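The values are calculated or read from the model by the stated rules, or taken from the named source; none is laboratory data. Because the structure is a prediction, the values reported are computed rather than measured. Glycine gets a Cβ as well: all are built from the backbone with ideal geometry, and neighbour counts include every protein chain shown. To get the accessible areas, we keep the full protein, side chains included, count just its heavy atoms, and leave off ligands, DNA and RNA. Shrake-Rupley method; radii C 1.70, N 1.55, O 1.52, S 1.80 Å.
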Amino acid sequence: MSDETLNLTPELYQYLKSVSLREPDVLVRLREETSRHPRAAMQISPEQGQFMSLLVKLLGVQKVLEIGVFTGYSSTIVALALPDDGQITACDIDEDFTSIAQRYWQEAGVSQKINLNLAPALETLNKLLDQGAEATYDMAFIDADKCNYPNYYEPCLRLLKPGGVLLVDNVLWDGRVADLSINDVDTDGIRRLNQLVHEDSRVDMSLIPLGDGLTLVRKK
Ligand code: SAH
Ligand code: CA
């Protein structure tokens, strides 16, 4: 009907969810608990989680890097999709947020798949590279401090295998990226990352208007 992406009305968005969401009970509970958290808006949407879980299965992903855990929605849904010997290297700096995540990893029976690194993600990425983890990851998910997005890009690409996929969240930043009067460090960080990916001939990419904008990058 159109060569443009459909604008979702609230009714159509409800319909989309009603005919597609298959959210496991443990994630319904995690989402309910997180909805009462003052930073609840940081959580990915359930339909985005389901898409990421499908990608894990489609691509046969085994080893994942996550930057930005919060209360654990994305890590739990990805861990549930991984095979029994799958692994997630999870990065966050906040003990309170991630203690909630750890409770749900237990409840979902996936805690043995997740290795939490409580440190600034740049430190963990450098540590992984020093330890020889270059080209060992099948998937990476960038969803932490937006001002560091451009700094996370290169180490993530190095850590991915050829054919591995990088997902970057919030690339549309609630529309702020397109408002040139907004120039805070987070919005600028996302704009710079978007530009870097777009111009990088070492990767294939697509920006998907799912949730707050999700860029898929495939390392060639
Ligand atoms: N993926 C999560 C949402 C992440 S919110 C979900 O699905 O719910 C962003 C997270 O990034 C927060 O938990 C915050 O503590 C973390 N963060 C912020 N700065 C960071 C840094 N420098 N290194 C690692 N994590 C950071
Ligand atoms: Ca996010």
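Are there GluC sites (Glu not before Pro) in the stretch 1-97 that DSSP puts in a loop and that have at most 12 other Cβ atoms within 10 Å, and which ones? Qualifying residues, ordered by number: GLU4. For the chain, which whole-number percentage of the solvent-accessible area (1.4 Å probe, protein heavy atoms only) is attributable to carbon and sulfur atoms? Reported share for carbon and sulfur atoms: 51 percent. On a per residue basis, the chain carries 52 Å² of accessible surface, using protein heavy atoms and a 1.4 Å probe. Helices in the chain, meaning DSSP H runs of at least 4 residues, each add -39500 (n - 2.57). Divided by all residues, the mean residue ellipticity at 222 nm is -13000 deg cm²/dmol. Of LYS146/LYS220; LYS57/LYS220; LYS113/LYS146; LYS17/LYS220, which sit over 28 Å apart, Cα to Cα? Beyond 28 Å: LYS17/LYS220. Comparing ARG192, ARG103, ARG39 in a Gaussian network model of the chain (Cα springs below 10 Å), the most mobile by mean-square fluctuation is ARG39.
Principal axis extents of the Cα atoms in the chain, from largest to smallest and rounded to whole angstrom, are 48, 41, 33.
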